[in-house]
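**Student:** Sending over a structure as C-alpha cells; questions will come in a sec.
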Amino acid sequence: MTDFLNAIVALSNFVLIPGAAYGAQLALGALGVTLIYGILRFSNFAHGDTMAFGTMATILVTWGLQSIGISFGFLPTALIALPIGIAITGLLLLGTDRAIYRFYRKQKAAPVVLVIVSIGVMFVMNGLVRFIIGVGDVNFADGARFVINAREFKEMTGLDEGLALRSTTLITLVTAAIAVALLFWFLNKTRTGKSMRAFSDNEDLALLSGINPERVVAVTWLIVAALATTAGVLYGLDKSFKAFTYFQLLLPIFAAAIVGGLGNPLGAIAGGFVIAFSEVLITYAWKKVLVYLMPENLEPSGLVQLLSTDYKFAVSFAILIIVLLFKPTGLFKGQSV
Amino acid sequence: MAEPHLIGEAMTGGYGRGADILHGCTLSVDKGEIAVIVGPNGAGKSTAMKAVFGMLNLRSGSVRIGGEDITHLSPQDRVAKGMAFVPQTSNIFPSMTVEENLEMGAFLRRDDIRPTIEQVYDLFPILRDKRRQAAGELSGGQRQQVAVGRALMTQPSVLMLDEPTAGVSPIVMDELFDRIIEVARAGITILMVEQNARQALEIADTGYVLVQGANAYTGTGAELMADDEVRRTFLGG
Amino acid sequence: MKKLLLASAATALVAGTAMAESHSGPVKIGIILGFTGPLESITPDMAGGAELAINEVNETGAFMGGTTIEAVRADSTCIDSAAATAAAERLVTNDGVAGIMGADCSGVTGAILQNVARANGVVMISPSATSPALSEAEDDGMFFRTAPSDARQGEIMSQVIMDRGISEVALTYTNNDYGKGLADSFQKAFEADGGSVTITAAHEDGKADYSAEVASLASAGGEVLVVAGYTDQGGKGIIQASLDSGAFDTFVLPDGMIGQQIVDDLGSGLDGSFGQLPGSDSEGTAIFQEMATGAGINPTGIYTGESYDAAALMILAMAKAGSTSASDYAGEIMDIANAPGEQILPGELGRALELIEAGEEIDYVGATAVEFIEPGESAGTFKEIEIKDGAIETVGFR
Amino acid sequence: MTARGFLLYAGMALLIVLTGVFQGWNLALTILNMGLISAIMSLGVNLQWGFAGLFNVGVMGFVALGGLAAVLVAQPPVVEGWNAGGLRLLGALALGAAVLIAAVQVWKRKIGGQMRAMVMLALLIGGFFLFRAALDPAVNAIEAINPSLSGYLGGLGLPVIVAWPVGGLLAAGAAWIIGKAALGLRSDYLAIATLGIAEIVIAVLKNEDWLSRGVKNVVGLPRPVPYEVDLQRDAGFVEAAAGYGLDPVTASTLWVKILYSGLFAVVLIAILFLAQRALASPWGRMMRAIRDNEIAASAMGKNVTARHLQVFILGSAVCGIAGAMMTTLDGQLTPGSYQPLRFTFLVWVMVIVGGSGNNYGAVLGGFLIWWLWVMVEPLGLWAMELITSGMAADSWLRGHLTDSAAQMRLMTMGIILLAVLRFSPKGLMPER
C-alpha cells in the first residue's frame, strides 16, 4: 500500500503537477492564438513576443510598486501589476491593429498575407522588448515560494517520496482556471462575447445582423492582450523572464493551438495539456514508479524510457503531425481559411 | 396611388468596378405583400435583390423604403431602417445554438427580445425544441427556418429571401412557403428570389421576370402564370 | 522603394566614411560576441569585462608609448556563421583590428577562425569556446582560449565527486558542444574511476519548460545531480525545478554553472552543492569582482573574467612584442600567460606594462588564473568550490 | 526584366560596390558570397510560394539537410566507426523503414476500422522497440570511438562540390515524405506542420551523433578552393599578386572569395535559368493557375495535389542545395546554430521584399536583405551614436541605447517587411 502511495506521489510530483502547470501556461497562450485565428483569421506569429511585451510591462510596473513599498503578502506583487500590464499591452495591440492590421482588413487581404504581416510585427516587437528591458534573465517572483514543500510532505506523511506544490504553480492553475472561466462566460453569456462568436462563425452574416466588425476586432485584441499578458506573467513567475525564451515559447503554443484545432477555444485548452503532457510522459523514465509498483523480482533494471529527453521538443511536434494526419483540423475540429 | 412600401427604381450597376449586371431594373412591393423575382440563370435575380439591400454600387437609380431614400446607406444601416436579408448560403451561425442565432439577429435592438423569440418559435415550432442545439447540426429545412427566424428578429418591415428553398425537399418547401405567407399576413413586406418559379408565383402578389438584368415581365403571380410566353420560356411549359 | 535603396546607400556611405576616418590612431581590438541570439543575455557583461581591461590599460598610458586602445564590438549572433564571418571580416579589413577577443559560441568561433582569422593572419582569443574539436582545428598558431577545454574539466570533476565518497550520479548537460563535450569526458572519467551515471539527459537552452528532464532525472535517481550547463540558461531551470520538486538536494557545478547570481537567485537551495572552475587562487577573482562591480558590470556572469583575461593577454603580448602585428605578438601570448615571471593580477596591468618595458618576465594570472598549454588553451588548474550559506567558498585546488 | 528591375539591380550592385569602396573589398565579397547563397534559398521558397502558393515555414530543415550532405559527402570515412557498427546500424535503419512502410500499407488496406488502427498501432509500437533494440548497440559502438574527434561514420571522402547536388537530393527526399504526409493540410495547418518538421530534422541532426557528430559539430570540412595560407606560401601566387600591387594576405583572401563567388554564381544562374524556363512553360502557367484558383483548376482536371508535391520537392531541393553551399562556405556543420528566425523567417523576408512570384525579385531580395542583415549592425550603432551624441557621456540612457544597438537588426528587418507589405505589397519587383 505504501509502495502504491509512493508511486502515486512520485508520479504526481514529477509528472502531473509540473505538466499541469506547463499545460495551463501553454493553454492560455494557445487561447490567444486561437482567438485571433477564429476572429481575425490568421495565425499570429507575433504572439510569443506579445507575451514577452506584456510580461515586460508587468515587470516594470511590479518594480515600480516594489520601489514604493507595495507588496501582496504571500502572493507575488506581479499579480497587482498584472491589470496595468494588461492595459498597456492592450494599448499596444490596439495601436498595432490601427497602424498595421486594419489596412489589410479593409483590403480584404488573403489570410496568409496577414500571417506574413504578423511575422513583420514579430520582428519589430522582438526588438522593442529587448530595447526596453534588455536581454537578460529577470526574476520577478516574490512572495511565498511553496504551499507544501517536498521535505515537509515527507515528514507529514511518512512516505519516501515528497510532494512539492509551489505557490506559483498553484497561482498558475487557479489564475488559468479563472481566466478560462471568465473567457467562456464572456463568449457564451455576454452580448459582446456572442457577437464575437457570431463574427467568427460567419463574418458576412454578422455584418448583416448589425454587428460592428471594428468593435469585435478591438475587443478581441483586448482579450488577447489579457490572455497573453496573463500567460506570460504566470510563466515568468513560475520560471523567469527572458526575451529569447518567450520567442521560443511560440512554437509549443502554436503546436497546442493546432493540435486542439485552430479557432476552437476548447481545443486550445486541450491542446495545451496534450503538448505539455506528451513532452513529459513520452520522455519520462518510468523506473521509479515501476520499482514501487512491481514485485521485487520484476523490477526494471533500465530506465524504462521511451525516448531520451533530447527528443522532448521533437515529440510535441511529432504528436502535432500525427494528429493532423488523422484529424486534419485538429482534435476539436478547428476552422481553416 | 401611394408609393409602394419598398421600391428599387431603375437600378443600374454591378459588383465593384466590374461590368454592369443590372440595367434599369425596377422592383417594388407593397406593405404586407409578397413579391417574387424569377428568371433564367444569370438573369441577375440575386444581384437585383442585393442591389435593393445595398450590397453593390448603383451607378444610377434609387432605393426607397416607406418613402425615405436609402440609396446611399450601407447594408447595416438599411437593417436599422427595417430591412432584413436572408442570404442563400451561409445564412446561419453554425457553431451557435438556435437561440443564440436568434439573439444575434436582434443584435441592434436594445429592448426586450423575448417576445420576438417567442413569436419566431410560434412560427417555427421545431426551433423551440432545438433551441439549445448548434444550428450547424440541424437539417437543411430547419436551418432555413433558423435563417428566416434570425432575420425576423429585427422586427423588420421588409424581409428579403434569396432562394429560401434551395436544396430542401418538396415537402419542406411547401411548409416554408406556408410560413412565408404567414409572415406576410403579419404585415411584413416580402421580396424573394426563387428557382422554383411555379410554386413561388402561386403565392406571389407580384412577380418579376428578369432577363439580363432588366425587367422582362411584371404582373401578379396569377397573371404571369397565365401568360403563355412566360410559361413557355421560364416555367417549362 | 528606390528611395529606400538610395537612403541606405547614402547612410552606408556616411557610416563608411565615419569608420574609414579612424583608420590611423589608436590600436583596435575587435570584440565579437553574440549580442543577439541565444547567448545575448550573458554577452554584454563579457564585452564589459574585455573593455574593462582595455580601459585599465588606457588609463595607465603605458601601452606602447601612450598609444590608446579602442574596442570595436561586433555581433557574432552565436548561431549565424555567415553573419559572424561578415562581422569579423568587417573588423579585420575595414576597422583594421589588431586582434579579436572572441568569439563566444564554438560554431561561429570555428567559422571566423577558418574564414577570417587564419586567412588574414589575425589572433583570436576566445573567452568561452570550449569545444574539444577546436583544440584540433588548424589555426596556424593564431587561436587561443582562456576557457579550458572540456576534456580536462571532466576528469577533475570526476575526482572531486569521488573524493566526497559519491559513486552514483545523474547527469544533465546543455545540448551544445560545451555541455556534450563536458558530459562525455566526465562520464568516461567517472566510470573509469568506478562510479556510475544513472542517466545522461540533455537539455536545450532557452526552452520553455524542464519538467520532463527533471522527471526523468529524478526517476533514474543518484546521490547528486551533475549539471553541465549555464547559470542563466537551462541549467538554472533544471536546478530550480529539481529543488522545487525535491528531486535532488545537492548539485555538482562545473564552470558554466558557477556564479554569484545563481546562488542569490536560488537562495539556500544550493547550500552544500559543490563544483570546480578554473583558477589557482581566489585572489585574482576577488579583485576582478571588485573592479567589475565598480564599473557596473556583473562580475559573476559566466566568462566575464575570461573575457577580461583574453583582452589583457592580447594587449600584454602586443606590448611585449612591441608590435600590433599578429605574426609578431602571437608567439608571445604563451610566454605572457605562463611562469616564469612576476604574477600579474587584475588591476595590475599598468605594472605589467612597466615590467615588460623593463624587459622583465611576467606571468599573467588574471581573473581566472590563466595558464596556457599547447595548443594555446587554458591548462586548467581548477579550484574546488562549495556553496555555504549563500556564498561560493573555495575549499581546495586541483 | 523591366526598367525598374534593372534600376533595382543596379542599385543593389552599387550598394555592394560602395561597401567595397568604403568598408573594404573583403567585406563586400563576403556579403556577395552569402548574398548569392541567400538568393538561391530565396529562389527555392519563391518556387513554392510564388509559383504555387505553398506556405512552407520549414525552410530551416531543408537548409540543414543540405548541410548534412556536405558532411556525408566530403568528410573522409571513419573506418573504425564502420567496423564497429556501421553495417548493424544500416540494418537497423532498414528495419525501421520497413516497419514504417508496413504500417502505411496496413493503413491503406480496407479492413475494418477498429482492427486496422489496432494492427497499425501494434506494428508501430512493436517495431519501435525492435528498432531501438537493433539501433542502440550499433550507435553506442560507433559513438564510443574517439568521441571528441570522430565518434561518427564520416562521409564518402568525395569532393565537396558533389555535396551540392546531393544536398538537393537529400532535401528532395525529405520533401517527398513530408509532402506526401502534409500537403493535404489546409492553410495555416501546413505552415505549422512544416515548422514542426523542421524542428524535428534539427533535433535529429543534434542528437544522432553517429550521423554528423551532433552538437559536437563537424569542423574543417574540405574546401573546393585553395586555403589562403597555402596561397600566401605559394611563390607564384605572391608574385602574381605583387604584379597587381597587392600584398599576399589581401590578394589571397580576395582570390579565395572570388573563386567562391564564381562557383556560387554559376549555380545561381543555372537555377535562375531553370526557374525562369519553368515559370514560362505550360507547367509554370498551370502552377500559377492552381495557385490563383485551386478549385477551378481541380475542376478542370488538374491534379492539384500531385502538382503541389512536385513544386514542394523542387523548392525544397533548391533550399537543400543552398544549405550545402552554405556549409561548404562556412567550412563546418553546427547543427545547434539552426534557428527558425534566421533560416526560415529571414528567407521569407527576402522573398516577400524582393517580390513573390518573380524570380528576379526573389534573387534581389536575397541580396538586399542579406546586405542589410550584415550592415544594419554598424549602421545601427552609428545611428545610435548620432542620436545619443547630445547626451552626457555617462548618462544611463546613452549607455542603454548604445548597448541595445545590436537589437536594431531584428527591428529593422521587421520594419522593412512591414513597409514593403504596406506600400509595395507585391514586393520591389512585382510579378507581371
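**Student:** Give A:G330, A:G334, A:G263 a once-over and let me know the one that is more than 9 Å from every other protein chain (Cβ to nearest Cβ) and in a loop (DSSP other than H, G, I, E, B).
**Tutor:** Matching residue, one of A:G330, A:G334, A:G263: A:G263.
**Student:** Under 9 Å by Cβ, and 6 or more places apart or on different chains, what pairs join a residue from the stretch A:283-304 that is on the phi < 0 side of the Ramachandran plot and more than 9 Å from every other protein chain (Cβ to nearest Cβ) with one that is of a type in the set (D, E, K, R) and open to solvent by less than 40 Å² (accessible area, probe 1.4 Å)?
**Tutor:** Going by the 9 Å Cβ cut-off, the qualifying pairs are A:Y292/A:E161.
**Student:** To continue, here is another question. Quick check on the stretch A:158-183: of everything there that is in contact (Cβ under 8 Å) with a residue 60 or more places away in the chain, open to solvent by 30 Å² or more (accessible area, probe 1.4 Å) and over 22 Å from the mean Cα position of the chain (by Cα), which residue is nearest to the other protein chains (Cβ to nearest Cβ)?
**Tutor:** Among residues in the stretch A:158-183 that are in contact (Cβ under 8 Å) with a residue 60 or more places away in the chain, open to solvent by 30 Å² or more (accessible area, probe 1.4 Å) and over 22 Å from the mean Cα position of the chain (by Cα), the one nearest to the other protein chains (Cβ to nearest Cβ) is A:L163.
**Student:** Among C:V227, C:V252, C:V197, C:V263, which is the only one that is more than 8 Å from chain A (Cβ to nearest Cβ), surrounded by fewer than 21 Cβ atoms within 10 Å (Cβ to Cβ) and touching a helix residue (DSSP H, G or I) at 6+ places or on another chain (Cβ under 8 Å)?
**Tutor:** C:V197
**Student:** To continue, here is another question. Here are the criteria: (1) assigned to a strand (DSSP E or B); (2) over 18 Å from the mean Cα position of the chain (by Cα). Tell me which single one B:P94 does not satisfy.
**Tutor:** Going through (1) assigned to a strand (DSSP E or B); (2) over 18 Å from the mean Cα position of the chain (by Cα) one by one, B:P94 breaks only (1).
**Student:** Quick one: in the stretch D:335-351, which of the residues that are touching a Ser or Thr at 6+ places or on another chain (Cβ under 7 Å) and open to solvent by less than 10 Å² (accessible area, probe 1.4 Å) is modelled with the lowest pLDDT?
**Tutor:** This residue is D:P335.
**Student:** Now for a separate question. I'm trying to understand the selection: among the residues of the stretch D:200-220, which are surrounded by fewer than 23 Cβ atoms within 10 Å (Cβ to Cβ), charged (D, E, K, R) and assigned to a helix (DSSP H, G or I)?
**Tutor:** The answer is D:D209, and nothing else.
**Student:** Identify, please: which residue in the stretch A:103-130 is of a type in the set (F, W, Y) and in contact with a Leu (Cβ under 7 Å, 6 or more places away or on another chain) and is, among those, nearest to the other protein chains (Cβ to nearest Cβ)?
**Tutor:** For the stretch A:103-130, the residue satisfying everything is A:F123.
**Student:** Still on this structure, I have one more. Return the residues of the stretch A:185-204 that are part of a helix (DSSP H, G or I), at pLDDT below 90 and closer than 17 Å to B:Q76 by Cα; say none if nothing qualifies.
**Tutor:** Once the filter is applied, which keeps residues that are part of a helix (DSSP H, G or I), at pLDDT below 90 and closer than 17 Å to B:Q76 by Cα, the stretch A:185-204 yields A:E203, A:D204.
**Student:** Does the stretch A:131-146 hold any residues that are under 21 Å from the mean Cα position of the chain (by Cα) and within 7 Å of chain D (Cβ to nearest Cβ), and which are they?
**Tutor:** Residues satisfying the conditions do not exist here.
**Student:** Of the conditions (1) without any contact (Cβ under 8 Å) to a residue 12 or more places away in the chain; (2) touching a Leu at 6+ places or on another chain (Cβ under 7 Å); (3) closer than 21 Å to A:L35 by Cβ, A:I100 satisfies every one except a single condition; which number is it?
**Tutor:** (1)
**Student:** Could you list, in sequence order, the residues of the stretch B:55-91 that are on the phi > 0 side of the Ramachandran plot, open to solvent by 20 Å² or more (accessible area, probe 1.4 Å) and not in a strand (DSSP E or B)?
**Tutor:** Matches in the stretch B:55-91: B:G66, B:G67, B:S90.
**Student:** Also: Got a number for residues in the stretch D:16-31 being under 22 Å from D:N359 (Cβ atoms) and surrounded by fewer than 24 Cβ atoms within 10 Å (Cβ to Cβ)?
**Tutor:** So the count comes out to 1.
**Student:** Which condition from (1) open to solvent by 20 Å² or more (accessible area, probe 1.4 Å); (2) at positive phi; (3) out of contact with any strand residue (DSSP E or B) (no Cβ under 9 Å at 6 or more places or on another chain) is the one that C:K188 breaks?
**Tutor:** Only one criterion is unmet by C:K188, namely (2).
**Student:** Looking at the stretch A:200-222, can you tell me whether even one residue there is facing another protein chain (nearest Cβ under 10 Å), among the hydrophobic types (A, V, I, L, M, F, W, C), open to solvent by 30 Å² or more (accessible area, probe 1.4 Å) and closer than 30 Å to B:R110 by Cβ?
**Tutor:** Yes, because at least one residue in the stretch A:200-222 is facing another protein chain (nearest Cβ under 10 Å), among the hydrophobic types (A, V, I, L, M, F, W, C), open to solvent by 30 Å² or more (accessible area, probe 1.4 Å) and closer than 30 Å to B:R110 by Cβ.
**Student:** I've got another one for you. If a residue must be open to solvent by 20 Å² or more (accessible area, probe 1.4 Å) and part of a helix (DSSP H, G or I), how many such residues does the stretch C:116-141 contain?
**Tutor:** 4
**Student:** Can I ask one more? In the stretch D:345-357, is there at least one residue being more than 9 Å from every other protein chain (Cβ to nearest Cβ), touching an Asp or Glu at 6+ places or on another chain (Cβ under 6 Å) and either touching a residue at least 60 places away in the same chain (Cβ under 8 Å) or in a helix (DSSP H, G or I) (or both)?
**Tutor:** yes
**Student:** Then there is this: Can you find a residue that is farther than 26 Å from D:A52 by Cβ, touching a Ser or Thr at 6+ places or on another chain (Cβ under 8 Å), at pLDDT 90 or above and in a helix (DSSP H, G or I) anywhere in the stretch D:264-276?
**Tutor:** Scanning the stretch D:264-276, I find no residue that is farther than 26 Å from D:A52 by Cβ, touching a Ser or Thr at 6+ places or on another chain (Cβ under 8 Å), at pLDDT 90 or above and in a helix (DSSP H, G or I), so the answer is no.
**Student:** State whether the residues of the stretch D:370-381 include one that is modelled with pLDDT under 85 and open to solvent by 30 Å² or more (accessible area, probe 1.4 Å).
**Tutor:** Yes, the stretch D:370-381 contains a residue that is modelled with pLDDT under 85 and open to solvent by 30 Å² or more (accessible area, probe 1.4 Å).
**Student:** Would you pick out the residues in the stretch A:184-196 that are open to solvent by less than 60 Å² (accessible area, probe 1.4 Å) and free of Cβ contacts under 8 Å to residues at least 12 places away in the same chain?
**Tutor:** A:N188, A:T190, A:G193, A:K194, listed by residue number.
**Student:** Of these, C:L13, C:L4, C:L33, which one is surrounded by fewer than 22 Cβ atoms within 10 Å (Cβ to Cβ) and either touching a Phe, Trp or Tyr at 6+ places or on another chain (Cβ under 8 Å) or at pLDDT 90 or above (or both)?
**Tutor:** Result: C:L13 is the single residue among C:L13, C:L4, C:L33 that is surrounded by fewer than 22 Cβ atoms within 10 Å (Cβ to Cβ) and either touching a Phe, Trp or Tyr at 6+ places or on another chain (Cβ under 8 Å) or at pLDDT 90 or above (or both).
**Student:** Within the bounds of the stretch A:16-36, is there any residue that is open to solvent by 10 Å² or more (accessible area, probe 1.4 Å) and among the β-branched types (V, I, T)?
**Tutor:** yes
**Student:** Hey, D:K302 hits all of (1) surrounded by 24 or more Cβ atoms within 10 Å (Cβ to Cβ); (2) not in a helix (DSSP H, G or I) but one; which does it fall short on?
**Tutor:** Among (1) surrounded by 24 or more Cβ atoms within 10 Å (Cβ to Cβ); (2) not in a helix (DSSP H, G or I), D:K302 violates only (1).
**Student:** Another question, then. Could you look through the stretch D:220-241, keep only residues that are among the hydrophobic types (A, V, I, L, M, F, W, C) and within 32 Å of the chain's Cα centre (by Cα), and pick out the one that is nearest to the other protein chains (Cβ to nearest Cβ)?
**Tutor:** D:V229
**Student:** What strands (runs of 3 or more DSSP E) completely inside the stretch C:142-252 contain at least 3 residues that are in contact (Cβ under 8 Å) with a residue 60 or more places away in the chain?
**Tutor:** Hits in the stretch C:142-252: C:143-148, C:168-174.
The values are calculated or read from the model by the stated rules, or taken from the named source; none is laboratory data. Predicted, not measured: the structure shown is a model, and the values here were computed from it. Counting neighbours? That spans all protein chains shown, and the Cβs are built from the backbone with ideal geometry, glycine included. When the accessible area is computed, the model is the full protein with side chains, heavy atoms only, and any ligands, DNA or RNA have been set aside. Shrake-Rupley method; radii C 1.70, N 1.55, O 1.52, S 1.80 Å.
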